[in-house]
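J.: Pasting a structure below so you can have a look.
The values are calculated or read from the model by the stated rules, or taken from the named source; none is laboratory data. Source: prediction; values computed, not measured. Glycine also receives a Cβ, built like all others from the backbone with ideal geometry; neighbour counts cover every protein chain displayed. Calculation scope for accessible area: heavy atoms of the full protein, side chains included, ligands and nucleic acids excluded. Shrake-Rupley method; radii C 1.70, N 1.55, O 1.52, S 1.80 Å.
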Amino acid sequence: MAALYAKDLILTSFTDLGLAAPILSALAAEGYEKPTPIQGQAIPHLLQGRDLLGIAQTGTGKTAAFALPIIDRLSRDNKPAPRHGCRALVLSPTRELASQIAESFRSYGRNLRLRVAVVFGGVSARPQAQELARGVDILVATPGRLLDHLDGRALSLEHVEVFVLDEADQMLDMGFIHAIRRVVPRLPKVRQNLFFSATMPKEIGQLAGELLRNPVEVSVTPVATTAERINQQVLFIETARKRGLLVEILRDDAMGRTLVFSRTKHGADRIVRHLEEANIPAAAIHGNKSQGQRERALADFRAGRRKILVATDIAARGIDVDGVTHVVNFDLPNIPESYVHRIGRTARAGADGSAISFCDAEERAYLRDIERLTRQSIPSEDRRLPGSAAAEAQTRPAARPAGGKPGARGGKPGAGKPAGRTDAPGRGRQRFAGADQGRARAGNGSGNGSGRHARG
């Protein structure tokens, strides 16, 4: 796959990009003044109709990087929306991220008569099918529900002009690659393709090679880089004392809007119950919650009605919540890249933030994987009871043979396959119930200079 590498462009405002006046008016109303690096690099090429491969994390402004040129293209060729079809299709791995992307399209296209629809699982398909029957300009969908509508003949993709695959590596993690391969043959052969991923594992690279035609490649924010403004700390603690330590930390007046990450759905619910018993209001968001419950929890968190949101990695990518001051990893993630995505929920748009990670004896291998990936030694403090460290040293297993890697993707640290995105989709990773339930990506804020950036 030959690619043209886009260089950084020095752009002082969105007017330099050549976008239609109604779009510029909408951006001004939102207070957006200066393009982010990925917007400055990508938008000029996308306005020319080029395919694009974007290596970027959430928080870099990539949603606007593809939404703005799509809106511009559709507005300049003002065709009616095709019945039972769409003109632009955006695939997203999770319901929350799909809803967020659709809302961005509506916001940026507020001065234009473009129909935007979003379809995902967990809710009735009938209202979605009725909306699709009338035709939409822009459709944002999760793969599972999109296939439901295609198989039920409620939707045709024959009129798609632009196809966007967002969070491709997360699609791989969630086992959606086979679904995507079922969708692609139903698209017109002549179309513009946009492909975004935070990482480029082998399977994703192959898929990009199949989809893209002489693409422009843009890359911002290295995957293994944590935001410089995040104050990171590891607290060594016994498993049984984690919940008590969490209550102690959250009672500190310095703690503001806080995301707490649990490795499991049931664990997240247990944390919320424990916090409520300690008179600390909190809500949980994960794959077992209904869509309404998830939306209410996020709305309360955004509005400040609840300062604490406990989440599985479903919220770690793509959920854009302003003013998160702290991230607490109640459980260290067994996929080291998830650590970067989790803590990227704080220190956005030039703000400072803190990330506190609890680490018990069984999570030491996960910590080593994280420090290896991020090329840093995270400052730590031992909060264990006297005697716990000595007991742990006595029971610690012998060192692994040379060449072994700690941190398997499932089960106990050091068991199964080594860390790294090399195992097949759907194996060795925790899955969430339902085809459209999973994790959303969180990246690092990457604003530079003064002025507000279009985000997403």
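J.: What accessible surface, in Å², does a 1.4 Å probe find on Asp320, ignoring ligands, DNA and RNA and rounding to the nearest 10?
T.: Approximately 30 Å² for this residue.
J.: Separate question: If amide hydrogens are placed 1.01 Å from N in the peptide plane, which non-local residues have theirs closer than 5 Å to the one on Ala355?
T.: Answer set, sorted by chain and number: Asn231, Gln232, Gln233, Val327.
J.: In the range 59-117, carbon and sulfur make up what percent of the accessible area (probe 1.4 Å)?
T.: So the carbon and sulfur contribution to the accessible surface is 43 percent.
J.: For the range 102-221, restrict the atom set to alpha-carbon positions and state the Rg and Dmax in Å.
T.: 14.9, 41
J.: On to the next question. To the nearest 20 Debye, how big is the dipole of the range 168-312 about its Cα centre, given +1 on the beta carbon of each Lys and Arg and -1 on that of each Asp and Glu?
T.: It comes to approximately 560 debye.
J.: Can you order the peptides 270-281, 232-243 by their average number of other Cβ atoms within 10 Å per residue, highest first?
T.: So the order, starting with the most tightly packed, is 232-243, 270-281.
J.: If amide H atoms are built 1.01 Å from N in the plane of the peptide, which residues on other chains or at least 5 residues away come under 5 Å of the amide H of Thr36?
T.: Counting only residues 5 or more places away or on other chains, the set is Ala454.
J.: Which value, in Å², gives the accessible area per residue of the range 78-183 when a 1.4 Å probe is used on the protein heavy atoms? Could you put the intermediate results ahead of the total?
T.: Details: 3810 Å² over 106 residues.
Heavy-atom SASA per residue in the range 78-183 reads 36 Å².
J.: Let me ask something else about it. For the peptides 378-387, 134-143, what is the packing order when you average, over each peptide's residues, the other Cβ atoms within 10 Å and list the highest mean first?
T.: Working: 378-387: 12.0, 134-143: 24.8.
Highest mean packing first, the order is 134-143, 378-387.
J.: OK, next. Where does the range 236-327 land on the Kirkwood hydrodynamic radius, alpha-carbon pairs, in angstrom?
T.: Details: mean 1/r = 0.0751 Å⁻¹.
Radius from the Kirkwood sum: 13.3 Å.
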